[in-house]
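Asks: One structure is given below, represented as structure tokens, and several questions about it will come after.
The values are calculated or read from the model by the stated rules, or taken from the named source; none is laboratory data. Quick caveat: nothing in here was measured; it's all calculated off a predicted structure. All Cβ positions, glycine included, derive from the backbone under ideal geometry; neighbour counts span all protein chains shown. Protein only, heavy atoms only, side chains kept; ligands, DNA and RNA dropped before computing areas. Shrake-Rupley method; radii C 1.70, N 1.55, O 1.52, S 1.80 Å.
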Amino acid sequence: MTGYGDGTRCVHGGLGEPEPGNPLLASPVFATGFHAGHESYGYGRADNPTYRALESAIGALDGGECVVFASGMAAIAAVLGLAPTKVVLPSDGYYLTRSLAAELPVSVVEVPTTGPWPSFDGAELVLLETPCNPGLDVCDITALASAAHAAGALLAVDNTTATPIGQRPLELGADIVVCSDSKALSGHSDVLLGHVTCRSPELAARIRQTRTMHGGIPGPFETWLAHRGLSTLDLRLARQAQNASALYTALRGHPQVSNLRWPGAEQDSSYVIASKQMRRFNGVFTFTLASREAVEQFLAASKLVTAATSFGGVHSTADRRAQWGDPVPEGFLRFSAGCEDTEDLVADVLAAL
Ligand SMILES: *Cc1c(COP(=O)(O)O)cnc(C)c1O
């Protein structure tokens, strides 16, 4: 699908050759065992045509070889397995990545996404998260990939917030992309899935072998749902970014709102690097209200914004992150703009405030 735009690639990626009478998107294959003798498909834990179809679509967007997993955390666990002695992680990224690393027999260095960055000497893996969740700070993937490579480390990027059409870390010098597809990629708040894409086929084979051994495989039905969701990613991100932009404008200077952040806004401290290395923005932005009670009143008053964790779905949601232990103020909200009509959403949010 090279030479086509993102919308076309999202719609057509990973589809089989047209065959009269076959479905446009092949139905999920649920087999445990396959008739013996095929080069790839023998036992369902190792490989499956439904995985391969989605892996082909996502891998083409990421620009490498993709391996799908049962969740974003299963994908992250496989990547952390590449660092037996020392790993560098974001101190302000997805909290379970840090919790998992803390349980492993590996030395962990935590660095905020905006730096300052220490020497990577002795590390096998540097994992970035940009924009980071929930703070939405960004870091320079190209510069950090060079520094990691100079120290002999692999550079991985958690690309969940950006999605494969919002940012292509492999083109910026990263070795590995890891992503929770439970968020915007699937996009309908009804499936858990993750993936790892590697620039090198050898590394992808290692990751695939880890998946086979650990058994963190997605269900074929979930994989198929994610593939169906991917076909509208371009459309959904466009509306979500439009809604985030309109809400940013409406909330800027609002007396009850402080620390409004959206990497797509020129005024935002992330904008200079984000606009250089990201291909487009999305619907996730953050702001702080005066207190926990103010957040609760806001969410109770809104008719369109659902209190829910996770983000990137078609419904607008907001999550008070302090309740999960993130190091943020009590009134800090991560807002995920959905696909509602822009005027409806802005009017609802302003009325609720
Ligand atoms: C949600 C999330 C994960 C974990 O993904 P799951 O699919 O929930 O396992 C990892 N990284 C980031 C940045 C996330 O937002």
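Here is a yes/no grid of residues against (1) surrounded by fewer than 16 Cβ atoms within 10 Å (Cβ to Cβ); (2) touching a helix residue (DSSP H, G or I) at 6+ places or on another chain (Cβ under 8 Å); (3) of a type in the set (S, T, N, Q); (4) on the phi < 0 side of the Ramachandran plot:
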| position | (1), (2), (3), (4) |
| --- | --- |
| 180 | no, yes, yes, yes |
| 191 | no, yes, no, yes |
| 196 | no, yes, no, yes |
| 202 | yes, no, no, yes |
| 210 | no, yes, yes, yes |
| 225 | no, no, no, yes |
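Asks: Can you run down the residue pairs with Cβ atoms below 7 Å, 6 or more apart or on separate chains, where the first is in the stretch 151-173 and on the phi > 0 side of the Ramachandran plot and the partner is within 13 Å of the ligand (Cβ to nearest atom) and not small (Gly, Ala, Ser)?
Replies: 163/185; 163/282
Asks: Answer yes or no as to whether residue 108 is farther than 30 Å from residue 317 by Cα, more than 19 Å from the chain's Cα centre (by Cα) and β-branched (Val, Ile, Thr). Even if it seems obvious, please write down each step before you answer.
Replies: Working: farther than 30 Å from residue 317 by Cα: yes; more than 19 Å from the chain's Cα centre (by Cα): yes; β-branched (Val, Ile, Thr): yes.
Criteria met by residue 108.
Asks: Assess whether residue 167 counts as being outside any strand (DSSP E or B) and either open to solvent by 40 Å² or more (accessible area, probe 1.4 Å) or more than 16 Å from the ligand (Cβ to nearest atom) (or both).
Replies: Here the answer is no, as residue 167 does not meet what is asked.
Asks: Pairs please, first residue from the stretch 332-353 and under 11 Å from residue 283 (Cβ atoms), second anywhere and open to solvent by 20 Å² or more (accessible area, probe 1.4 Å) and in a loop (DSSP other than H, G, I, E, B), Cβ atoms under 7 Å, 6+ apart in sequence or on different chains.
Replies: Pairs that qualify, where the first residue is under 11 Å from residue 283 (Cβ atoms) and the partner is open to solvent by 20 Å² or more (accessible area, probe 1.4 Å) and in a loop (DSSP other than H, G, I, E, B), are 338/314; 338/315; 339/314; 340/304; 345/304.
Asks: Let me ask something else about it. If you go through the stretch 227-255, how many residues are surrounded by fewer than 19 Cβ atoms within 10 Å (Cβ to Cβ) and more than 25 Å from residue 193 (Cα to Cα)?
Replies: 9
Asks: Still on this structure: For the stretch 297-316, give me each residue that is free of Cβ contacts under 8 Å to residues at least 24 places away in the same chain and within 16 Å of the ligand (Cβ to nearest atom).
Replies: Residue satisfying the conditions is 309 alone.
Asks: Taking the options 291, 302, 258, 316, name whichever one is farther than 30 Å from residue 144 by Cα, open to solvent by 10 Å² or more (accessible area, probe 1.4 Å) and touching a strand residue (DSSP E or B) at 6+ places or on another chain (Cβ under 7 Å).
Replies: Details: 291 fails: touching a strand residue (DSSP E or B) at 6+ places or on another chain (Cβ under 7 Å); 302 fails: touching a strand residue (DSSP E or B) at 6+ places or on another chain (Cβ under 7 Å); 316 fails: open to solvent by 10 Å² or more (accessible area, probe 1.4 Å).
Only one candidate qualifies: 258.
Asks: Filter the stretch 85-104 down to residues that are away from the ligand (no atom under 11 Å from the Cβ) and among the β-branched types (Val, Ile, Thr) and give me whichever is nearest to residue 280 (Cα to Cα).
Replies: The extreme case among them is 88.
Asks: Looking at (1) more than 11 Å from the ligand (Cβ to nearest atom); (2) touching a Pro at 6+ places or on another chain (Cβ under 7 Å); (3) aliphatic (A, V, I, L, M); (4) in a loop (DSSP other than H, G, I, E, B), which is the only condition residue 162 fails?
Replies: (1)
Asks: Sticking with this structure for a sec: Among the residues of the stretch 68-84, is there at least one that is under 26 Å from residue 331 (Cβ atoms), away from the ligand (no atom under 11 Å from the Cβ) and open to solvent by less than 50 Å² (accessible area, probe 1.4 Å)? Break it down into steps so the answer makes sense when it comes.
Replies: The first filter runs over the stretch 68-84 and keeps only residues under 26 Å from residue 331 (Cβ atoms), leaving none.
Checking the stretch 68-84: not a single residue is under 26 Å from residue 331 (Cβ atoms), away from the ligand (no atom under 11 Å from the Cβ) and open to solvent by less than 50 Å² (accessible area, probe 1.4 Å).
Asks: Answer yes or no as to whether residue 166 is under 30 Å from residue 340 (Cα atoms), touching a helix residue (DSSP H, G or I) at 6+ places or on another chain (Cβ under 8 Å) and in the same structural domain as residue 88 (by TED's automatic domain parsing).
Replies: Values: under 30 Å from residue 340 (Cα atoms): yes; touching a helix residue (DSSP H, G or I) at 6+ places or on another chain (Cβ under 8 Å): yes; in the same structural domain as residue 88 (by TED's automatic domain parsing): yes.
Considered against the rule, which asks whether it is under 30 Å from residue 340 (Cα atoms), touching a helix residue (DSSP H, G or I) at 6+ places or on another chain (Cβ under 8 Å) and in the same structural domain as residue 88 (by TED's automatic domain parsing), residue 166 comes out as yes.
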